[in-house]
1. Check region 152-169 and report whether any residue there is in contact with a Pro (Cβ under 7 Å, 6 or more places away or on another chain), open to solvent by less than 20 Å² (accessible area, probe 1.4 Å), at positive phi and touching a residue at least 24 places away in the same chain (Cβ under 8 Å).
2. Can you spot a residue in region 235-250 that is more than 25 Å from Thr173 (Cα to Cα) and touching a helix residue (DSSP H, G or I) at 6+ places or on another chain (Cβ under 9 Å)?
3. Within region 289-298, can you find the residues that are open to solvent by 60 Å² or more (accessible area, probe 1.4 Å) and free of Cβ contacts under 8 Å to residues at least 40 places away in the same chain?
4. Write out, first by first residue and then by second, each pair whose Cβ atoms fall under 6 Å of each other, whose residues are 6+ apart or on separate chains, and whose first residue, in region 86-113, is within 16 Å of Asn134 (Cα to Cα) while the second is open to solvent by 40 Å² or more (accessible area, probe 1.4 Å) and of a type in the set (Phe, Trp, Tyr).
5. Answer with yes or no whether Thr224 is open to solvent by 60 Å² or more (accessible area, probe 1.4 Å) and more than 15 Å from Leu153 (Cβ to Cβ).
6. Regarding region 269-288, can at least one residue be identified that is part of a helix (DSSP H, G or I), in contact (Cβ under 8 Å) with a residue 12 or more places away in the chain and open to solvent by 50 Å² or more (accessible area, probe 1.4 Å)?
Amino acid sequence: MAANNRRMSGKKGAQVGSGGQRRRGLEGKGPTPPAEMRKGHKKNRLATAKAKQTARRPVPRGRGGKSPSELVVGRNPVVEALRGGVPASTLYVQQFIDNDERVREALQLAAERGGINLMEAPRPELDRMTNGLNHQGLVLQVPPYEYAHPEDLANAAYDDGEDPLIVALDGVTDPRNLGAVVRSVSAFGGHGVVVPERRAAGMTAGAWKTSAGAAARTPVARATNLTRALEAYKKAGITIVGLAADGETEIGELAALSGPVVVVVGSEGKGLSRLVGETCDHRVRIPMPGGAESLNAGVAAGIVLYEAARRRT
């Protein structure tokens, strides 16, 4: 018995239990969190990027000047503009107008949005306002667009701790192409679009509509001289990449897309102008196995922006 006690006395003390750890280890950990909340998941990265974009400091508008106000004329165009979220200050309605479905919808959309003045005007006044166009009794006034300055786009990106991703348009005159580019820039986390002041598409009602609301959160800057604006970007350490059908490098081979970059897109017919092309650090091409000669500005910009966004995630 004494020997047995000696063996027991060799222990260092009473055994300590698991304290419930084993039991808790067997318990379930609750439902699996959604993909957006799982770190490392693709949807989590996309949600994080979207949240960062939403929280971005707004780019100051107006330093690039203002466009003139615009009138949208006719029942169908007015209704489509209101549906598309085109900014509007006043809806003019002709006195004693035939109250059809389109007129009722225009009035309802304007009332629901709020902030749009409703004005009744005689037909001669609307004729004068529209220079005799067939307004059909409905005229929508679009306020002037306030452009940012090109350097504001890069500054806003750096303030957010990000490398600038900007698209510049050279010779693109179709507002719908501009709207499509704005939409792509917003979708892929870009920081804005630069357009020349002359001989180029501006932020008209058509551009707003094509952007599908992205123009409200993606700034458009206007440059008095596009070449000088690109040179200023270069001095700030930003790489200028021009898209050209005969570019020396394929877009997938360009390492510069992972850093600060301005992508320059020319018109579908003429491509980049000579001076702009000479200013670019790289001239790259998009491989097209199908044999198409060129892509419109909106499609080309979307392809390059996707490639840049893929490398940055």
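The values are calculated or read from the model by the stated rules, or taken from the named source; none is laboratory data. Note that the coordinates shown come from a computational prediction; the quantities given were computed from them, not determined experimentally. Because the Cβ atoms are built from the backbone with ideal geometry, glycine has one as well, and the counts that use them run over all protein chains shown. Areas reflect the complete protein model, heavy atoms only, side chains present, ligands, DNA and RNA absent. Shrake-Rupley method; radii C 1.70, N 1.55, O 1.52, S 1.80 Å.
1. no
2. Yes, region 235-250 contains at least one residue that is more than 25 Å from Thr173 (Cα to Cα) and touching a helix residue (DSSP H, G or I) at 6+ places or on another chain (Cβ under 9 Å).
3. From region 289-298, those open to solvent by 60 Å² or more (accessible area, probe 1.4 Å) are 289-290, 293; that's our starting set.
Within region 289-298, Pro289, Gly290 qualify.
4. none
5. Values: open to solvent by 60 Å² or more (accessible area, probe 1.4 Å): yes; more than 15 Å from Leu153 (Cβ to Cβ): yes.
When the stated conditions are applied, Thr224 passes them.
6. yes
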